[in-house]
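Visitor: Right, I'll just put the structure down here and ask away after.
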Amino acid sequence: MPAFSLEPEQIAWCGELRTLAAERLRPLAEKGEPGHVNRALVAELGRLGLLGRLFTSGALDLCLMRESLAYACTEAETALALQGLGAHPVHACGTPAQRGRWLPKVADGTAVAAFALTEPGAGSDAGALELRAEPESEGSVTAEPDGPAGWRLTGEKCWISNAPEADFYTVFARTTPGVGARGVTAFLVPAGRPGLTGTALDMLSPHPIGALGFDAVPVTADDVLGEVDRGFRVAMGTLNQFRPSVGAFAVGMAQAALDATLAHTSRRDAFGGKLKDLQAVAHQVAEMAMRTDAARLMVHAAATAYDEGAPGVPRRAAMAKLLATETAQYVVDRAVQLHGARALRRGHLLEHLYREVRAPRIYEGASEVQRGIIAKELYRDMEAVEEPQ
């Protein structure tokens, strides 16, 4: 299937998702407490079968879900995405026991997941992680009977979505010092482990985000996701799949802002006619539409490349996230300008989108990081072509 073409069934499914988001998910979102996990909303995503699709769908389907939900209910989109982000390492790298314990609960919306990568001094530079996983000797309290010894996690994580209310965390910690990304291990850490604490952070957009403290939190080999010292691969594998879908989230917001602007400029009287009759307005709307469509195409292309195992996925994923999130910022800002003061009133769709649209340019790799990834991959490809055969 070409990256720029959707099947009629996919288009119909997107329409159904928009309707579900507006009629069943948005009312639950509106009842949620800002800054806290909305468990009723998560449970409804489970009942609708959308959370289960996180583990059975490809990257393109994930993008279609995220864009469609974002168009009508950004809170539902974010709740779904955070479940996927936190649980994907378990799905991709977990043991049968880990998967059996947690994935069914994530799918039915009864367990909340979180992806704990960022630290106070290691955000975009994930290879600089300082959360320490200090090994313990055989027979310690973290070791299973007649089994391997474990580690104690000590340090901090911050800007962690769903913290401190998640039921389990995918935590990335340094098991080997001094070797950068090569010495990081991923651990599955259930909430309630001794020494694990958390505090909520008050953010611009009302998502549940917090900081985590690790005071000698015990983990064992049974908690490792993937291989020891190979956790960076777990993190990057997750981000490569989810980065295009962050772009899809942004496209959904951009489309919602564009549609609101089309409706407003068609009705609003100004200077003896409608706003849409002013060339300055019409040209801005055209620019908004062109950029939104271009971002959508790049998101679909990156997701299709991931699903097909095509080369250049990191570059494509970075391009999709970068273009789509920067585009959404532009489109929402233009929409606010064309709506005027009414768009700044608390509760207006565009006031909501204006707060929501800023964060995706930072999380899962800031725009500057995406440009760095793109350039690195381009030069790597060039050098590979130039190497003598």
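Visitor: If I filter the range 323-339 for residues that are surrounded by 20 or more Cβ atoms within 10 Å (Cβ to Cβ) and either polar (S, T, N, Q) or touching a strand residue (DSSP E or B) at 6+ places or on another chain (Cβ under 8 Å) (or both), do I get at least one hit?
Guide: yes
Visitor: Go through (1) assigned to a helix (DSSP H, G or I); (2) out of contact with any strand residue (DSSP E or B) (no Cβ under 6 Å at 6 or more places or on another chain) one by one and return the number of the condition residue 36 breaks.
Guide: (1)
Visitor: Then there's this: Mind checking which residues of the range 361-380 are surrounded by 14 or more Cβ atoms within 10 Å (Cβ to Cβ) and touching a Lys or Arg at 6+ places or on another chain (Cβ under 8 Å)?
Guide: Correct list: 364, 365, 367, 370, 373, 374, 377.
Visitor: A follow-up question, please. Any idea which of 103, 82 is in contact with a Ser or Thr (Cβ under 8 Å, 6 or more places away or on another chain) and either crowded, with 24+ Cβ neighbours inside 10 Å or not basic (Lys, Arg) (or both)?
Guide: 82
Visitor: Still on this structure, I have one more. Filter the range 282-304 for residues that are crowded, with 20+ Cβ neighbours inside 10 Å and of a type in the set (D, E, K, R) and give the result.
Guide: Once the filter is applied, which keeps residues that are crowded, with 20+ Cβ neighbours inside 10 Å and of a type in the set (D, E, K, R), the range 282-304 yields 291, 296.
Visitor: Has the range 355-365 got at least one residue that is on the phi > 0 side of the Ramachandran plot and assigned by TED's automatic domain parsing to the domain that holds residue 316?
Guide: Here is the first cut: in the range 355-365, the residues on the phi > 0 side of the Ramachandran plot are 364-365.
With assigned by TED's automatic domain parsing to the domain that holds residue 316 added as a condition, the list becomes 364-365.
Yes - at least one qualifying residue is present in the range 355-365.
Visitor: Sticking with this structure for a sec: Any chance you could count how many residues in the range 37-61 are surrounded by 24 or more Cβ atoms within 10 Å (Cβ to Cβ) and within 15 Å of the chain's Cα centre (by Cα)?
Guide: Total satisfying the criteria: 3.
Visitor: Which one of 114, 126 is modelled with pLDDT under 95 and either under 20 Å from residue 239 (Cβ atoms) or over 16 Å from the mean Cα position of the chain (by Cα) (or both)?
Guide: On the way: 114 fails: modelled with pLDDT under 95.
Matching residue, one of 114, 126: 126.
Visitor: So for the range 22-45 (the condition being over 25 Å from residue 163 (Cα atoms) and in contact (Cβ under 8 Å) with a residue 24 or more places away in the chain), does at least one residue qualify? Spell out how you get there, then give the answer.
Guide: So the first thing to find is which residues in the range 22-45 are over 25 Å from residue 163 (Cα atoms), and the list is 22-24.
So of that shortlist, the ones also in contact (Cβ under 8 Å) with a residue 24 or more places away in the chain come out as 22, 24.
Yes: the range 22-45 contains one or more residues that are over 25 Å from residue 163 (Cα atoms) and in contact (Cβ under 8 Å) with a residue 24 or more places away in the chain.
Visitor: Assuming residue 230 fulfils every condition listed in (1) surrounded by 24 or more Cβ atoms within 10 Å (Cβ to Cβ); (2) within 26 Å of residue 196 (Cα to Cα); (3) more than 20 Å from the chain's Cα centre (by Cα) apart from one, which condition is it?
Guide: Just one mismatch for residue 230, condition (1).
Visitor: Right, next: Quick check on the range 53-66. Is at least one of its residues among the aromatic types (Phe, Trp, Tyr), assigned to a helix (DSSP H, G or I) and modelled with pLDDT of 95 or more?
Guide: Within the range 53-66 (the criterion being among the aromatic types (Phe, Trp, Tyr), assigned to a helix (DSSP H, G or I) and modelled with pLDDT of 95 or more), the answer is no, since none of the residues qualifies.
Visitor: Same structure, new question: Take residue 243 and decide whether it is surrounded by 22 or more Cβ atoms within 10 Å (Cβ to Cβ), of a type in the set (Lys, Arg) and touching a residue at least 12 places away in the same chain (Cβ under 8 Å).
Guide: Details: surrounded by 22 or more Cβ atoms within 10 Å (Cβ to Cβ): yes; of a type in the set (Lys, Arg): yes; touching a residue at least 12 places away in the same chain (Cβ under 8 Å): yes.
So residue 243 fits the description; yes.
Visitor: While we're looking at this one, here's another question. Output the helices (runs of 4 or more DSSP H) that fall wholly within the range 272-389 and possess 3 or more residues being closer than 26 Å to residue 116 by Cβ and under 19 Å from the mean Cα position of the chain (by Cα), or say none.
Guide: Working: elements: 279-308, 313-339, 349-356, 367-386.
Passing ranges, in order: 279-308, 313-339, 367-386.
Visitor: Does residue 87 count as part of a helix (DSSP H, G or I), modelled with pLDDT of 95 or more, small (Gly, Ala, Ser) and touching a helix residue (DSSP H, G or I) at 6+ places or on another chain (Cβ under 6 Å)?
Guide: Values: part of a helix (DSSP H, G or I): yes; modelled with pLDDT of 95 or more: yes; small (Gly, Ala, Ser): yes; touching a helix residue (DSSP H, G or I) at 6+ places or on another chain (Cβ under 6 Å): yes.
It is true that residue 87 is part of a helix (DSSP H, G or I), modelled with pLDDT of 95 or more, small (Gly, Ala, Ser) and touching a helix residue (DSSP H, G or I) at 6+ places or on another chain (Cβ under 6 Å).
Visitor: Can you find even one residue in the range 74-84 that is hydroxyl-bearing (Ser, Thr, Tyr) and within 16 Å of residue 251 (Cα to Cα)? Steps first, please.
Guide: Narrowing the range 74-84 to residues hydroxyl-bearing (Ser, Thr, Tyr): 74, 78.
Still in the list and also within 16 Å of residue 251 (Cα to Cα): 74, 78.
Yes, some residue in the range 74-84 is hydroxyl-bearing (Ser, Thr, Tyr) and within 16 Å of residue 251 (Cα to Cα).
Visitor: Considering the range 217-271 alone, what residues qualify as being in contact with a Cys (Cβ under 9 Å, 6 or more places away or on another chain), part of a loop (DSSP other than H, G, I, E, B) and of a type in the set (Ser, Thr, Tyr)?
Guide: none
Visitor: Can you name the residue in the range 46-74 that is touching a residue at least 40 places away in the same chain (Cβ under 8 Å) and among the polar types (S, T, N, Q) and is also farthest from residue 205 (Cα to Cα) among such residues?
Guide: 68
The values are calculated or read from the model by the stated rules, or taken from the named source; none is laboratory data. Small disclaimer: the values here were computed from a predicted structure and weren't measured. So basically every Cβ, Gly included, is an ideal-geometry build from the backbone, and we count neighbours across all protein chains shown.
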